[in-house]
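Structure, as structure tokens:
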Amino acid sequence: MPSDPHLPAPGTLPGPPAGHRKPTGPPAGHRKPTGPAAGHRMPAGPAAGHRKPTAAEVAAAGGRTIADVVGPGLRVLFAGINPSLYSAATGHHFARPGNRFWPALHRSGFTPGLLHPSQQSILPTLGLGITNVVARATARADELSPAELITGGEILAALVARHQPRYLAVLGVTAYRTAFGRRTAVIGPQDDTIGGVPVWVLPNPSGLNAHFQLADLAREFAALREASTQVTRPDQR
């Protein structure tokens, strides 16, 4: 067959233009994501300057308080029963080894990474906050009197009324029943409000609560997370 005069002879095909090289990575300006979405990147490890408290520091922390972690436009304000001595010694919520709050928060999808308690200041950027029903630290939650829980509930209601999160999540059904006079309350969403805000009761994440394993806690937290994405307050639109 005669060769086509419009095609180059075999073996004479031209190569790429001068200066051309085969690309070796993604298009210019593109990079492969390596973590959470922009604006929600989780720093790795404890915050700078963090250290474990000594036994003497923990023992001396009785009666101390921890500052609330709050901000505008919160989706969920989590309320623990009261700080442990270990947490009070560190100044960070749910810091006692064995407490499952932070792992449950991550596994349920509230945080894109597992936060260390010393990173609690990140939470408001994710629409989350932390407080306590009773502010003072004790070795065990059962050291709190009913009167103390009731007074703490009144203070918490005022805090919630000021900040107006989409949900108040109380971590501990027994404390919730006492603090707010809801003797028949169970885990999950409640029928009433506190400070004008819907309430959700979650299990106590303390490692002493053997009734709920981490997977159970994560499932309960995830149900709240899903609900919190579907409730929008007028000031959060």
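Using the count of nearby Cβ atoms within 10 Å as a rough guide to exposure, how do I122, I194, I66 rank from fewest to most?
On the way: I122 18, I194 21, I66 26.
Neighbour counts put them in this order, fewest first: I122, I194, I66.
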- line: The simple spin-label model distance between D142 and D192, using points 7 Å out along Cα→Cβ, in nm, is 2.7 nm
- request: Using a cut-off of 13 Å between beta-carbons, work out the net charge of the residues near N204 (Lys and Arg +1, Asp and Glu -1, N204 not included).
  value: +1
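Hand me the trypsin sites (Lys or Arg not before Pro) from region 131-170 located in a DSSP loop with no more than 14 other Cβ atoms within 10 Å, in residue order please.
Values: sites: R136, R140, R162, R166; in loops: R136, R140, R166.
When the trypsin sites (Lys or Arg not before Pro) of region 131-170 are filtered for loop state and at most 14 Cβ neighbours within 10 Å, R140 remain.
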task: Could you pull the Cα extents of region 121-218 along its three principal axes, largest to smallest, in whole Å?
output: 33, 32, 28
message: For Cα pairs less than 8 Å apart in space and 6+ apart in sequence, what is the mean separation divided by the residue count of region 68-236, i.e. the relative contact order in percent?
response: 29 percent
- line: Ranked from fewest to most other Cβ atoms within 10 Å of their own Cβ, F78, F101 fall in the order F101, F78
statement: Once the mean of 1/r over all distinct C-alpha pairs in region 68-236 is inverted, the Kirkwood radius in Å reads 15.7 Å
- prompt: Across region 89-95, in residue order, what do the Karplus-derived ³J(HN,Hα) couplings come to in whole Hz, using 6.51 cos²θ - 1.76 cosθ + 1.60 with θ = phi - 60° and x for Gly and Pro?
  reply: 5, 8, x, 10, 6, 6, 8
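The numbers here are math on the coordinates, done by the rules we state, and not lab data. Here the structure is a predicted model, which is why all the values come from computation and not from measurement. Here Cβ is always computed from backbone atoms with ideal geometry, including for glycine, and neighbour counts include all displayed protein chains.
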